[in-house]
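Student: One structure, pasted below without further comment.
The values are calculated or read from the model by the stated rules, or taken from the named source; none is laboratory data. Being a predicted model, the structure only gives us computed values, none of them experimental. Here the Cβ is made from the backbone with ideal geometry for all residues, glycine too, and neighbour counts use every protein chain on show. Surface areas here come from the heavy atoms of the whole protein model, side chains and all, with no ligands, DNA or RNA. Shrake-Rupley method; radii C 1.70, N 1.55, O 1.52, S 1.80 Å.
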Amino acid sequence: MPELPEVETIRRTLSGKVEGRIITAVRLDLPRLIKWPAADEFQAIIRGKSIKKLVRKGKYLLFHLDECNVLVIHLRMTGRLYYVTADTLLDKFVRIIFDLDNGDRLIYADTRTLGTLYLMPEEQLWRIAGLASLGPEPLTPEFTEAYLKQALSKRSGKVKAVLLDQKLIGGLGNIYVDECLALAGIHPERSAASLDQYEIAKLHKAIDQVIEAGIVHGGTSFRDYRDGAGQKGSHQHHLHVYGRKKEPCRTCGTAIQRIEVGGRGTHYCPECQK
């Protein structure tokens, strides 16, 4: 699933191309991806609307349109959102096509078809439960060491599972949580509430550092992820533990191990993260 760095990269690579453009038509090859309103109403409302601004919140992309309407897209596991010219050949996984007034297109493709799209007035965005309940994001003034300490102190669950809770920290996912814990030297099965002040300080710094690096590298591409121009990210070449089972730790040389934590595949160094 695209996480904060991937979704932010998509936003950055799309914003200059779509802001100011008018959506002239929408082709829905898979209407069930539209969660609100009904598909025909979605097409009627969005047609003729200008894209004023593209922003990101957590793993959501929000296209602010005319008349205070907002198109909200969550890519889920395999969604891709990218910009093409009219003569670009499209693959079989294209599900929605937004035609723009300059003749180009904004494409939503999805292999597993788990993505979700909403179109509603800005004042009704609270209806999207996952969006409304997002916690503070890394690299923001709200995400402080004090906040992280307070949030973790109330959670007795394993720290890996706790950090995946979007209500706690918006935008973190499986890849970057593994990387944050590795950088901070914390075992993924530690109780969140058991971390001391020094460990919390290291974790807070690691979270910001890992997310910033992911954005700088244009995200992590293993299979489906591409940015808004259809290009792969390069952060997969800089990972410390994720996807590196049995490979040597970049710090100590110990073989990286993979376990299950909260039903999620989890990678860590048994020497550096005791």
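Student: Alpha carbon centre of the stretch 100-173 versus the stretch 185-233: separation in Å?
Tutor: The stretch 100-173 and the stretch 185-233 have Cα centres separated by 15 Å.
Student: I need the GluC sites (Glu not before Pro) found in the stretch 2-41, filtered to DSSP loop residues with at most 14 other beta carbons within 10 Å of theirs.
Tutor: Loop-located and lightly packed - E19.
Student: Right, next: FRET efficiency for D196 and S133, Cβ-Cβ distance as r, R0 = 22 Å, nearest 0.05?
Tutor: 0.15
Student: Also, quick follow-up: At 1.4 Å probe radius, can you tell me the per residue accessible area of the stretch 91-242 in Å²?
Tutor: Working: 6440 Å² over 152 residues.
It amounts to 42 Å² per residue over the stretch 91-242.
Student: Where the accessible area of the chain is counted over protein heavy atoms with a 1.4 Å probe, how much of it, in %, is carbon and sulfur?
Tutor: Of the solvent-accessible surface of the chain, carbon and sulfur hold 50 percent.
Student: Leaving out ligands, DNA and RNA but keeping every protein chain, what accessible area does D91 have, in Å² rounded to the nearest 10, with a 1.4 Å probe?
Tutor: 60
Student: Can I ask one more? If you count the DSSP beta bridges with both ends in the chain, what percent of them are antiparallel, to the nearest 5?
Tutor: Antiparallel bridges make up about 95 percent of those DSSP assigns within the chain.
Student: To continue, here is another question. Of the cross-linked pairs K35/K202; K57/K154; K17/K245, which ones have a Cα-Cα span greater than 32 Å in the structure shown?
Tutor: K35/K202; K17/K245
Student: Right, next: Would you mind checking the tilt of helix 4-18 against the longest principal axis of the Cα atoms of the chain, expressed as 0 to 90 degrees and rounded to 10?
Tutor: Roughly 20 degrees between the two axes.
Student: Using a Förster distance of 51 Å, how high is the FRET efficiency between T88 and K205, based on the Cβ-Cβ distance and rounded to 0.05?
Tutor: Approximately 0.75, to the nearest 0.05.
Student: Please state the charge dipole magnitude for the stretch 1-66, taken about the Cα centre, from unit charges on C-beta atoms (+1 on K and R, -1 on D and E), reported in debye and rounded to the nearest 20.
Tutor: 180
Student: Among A213, A229, L239, which residue has its Cα furthest toward the positive end of the charge dipole of the stretch 205-245, with +1 on Lys/Arg Cβ and -1 on Asp/Glu Cβ?
Tutor: My answer, from the dipole projection, is L239.
Student: Report the FRET efficiency, 1/(1 + (r/R0)^6), for N102 and A44, where r is their Cβ-Cβ distance and R0 is 30 Å, rounded to 0.05.
Tutor: The calculated FRET efficiency here is 0.85.
Student: Let me ask something additional. Using P(r) over Cα pairs in 10 Å bins from 0, in percent as the read-out, say which of [x] 7, 30, 36, 21, 6, 1; [y] 7, 28, 32, 20, 11, 2; [z] 6, 26, 32, 24, 10, 2, 0 was calculated from these coordinates.
Tutor: [y]
Student: Leaving ligands, DNA and RNA out of it, rank S221, S156 by accessible area with a 1.4 Å probe, largest first.
Tutor: Values: S221 10, S156 100 Å².
Order by accessible area, largest first: S156, S221.
Student: Using the basic label-point model (7 angstrom from Cα toward the beta carbon), what is the L125 to K35 distance in nanometres?
Tutor: 1.5
Student: Something else about it: Pairs of Cα atoms under 8 Å, at least six residues apart: use those to get the relative contact order of the stretch 166-212, whole percent.
Tutor: Numbers: 22 pairs, mean separation 21.5, N = 47.
Relative CO of the stretch 166-212 lands at 46 percent.
Student: In addition: Before anything else, pin down the relative contact order of the chain: Cα pairs under 8 Å, at least 6 apart, normalised by residue count, whole percent. Could the numbers behind the result be given before it?
Tutor: Numbers: 562 pairs, mean separation 52.5, N = 274.
Here the relative contact order equals 19 percent.
Student: Shifting gears a bit: With n ≥ 4 as the cut-off for DSSP H runs, can you work out [θ] at 222 nm for the chain, using -39500 (n - 2.57) per run divided by the number of residues, rounded to the nearest 500?
Tutor: After summing the helix terms and dividing by the residues of the chain, the value is -8000 deg cm²/dmol.
Student: Using a 10 angstrom cutoff on alpha carbons, build the Gaussian network for the chain and name the most mobile of L172, L89, L30.
Tutor: Largest GNM mean-square fluctuation: L89.
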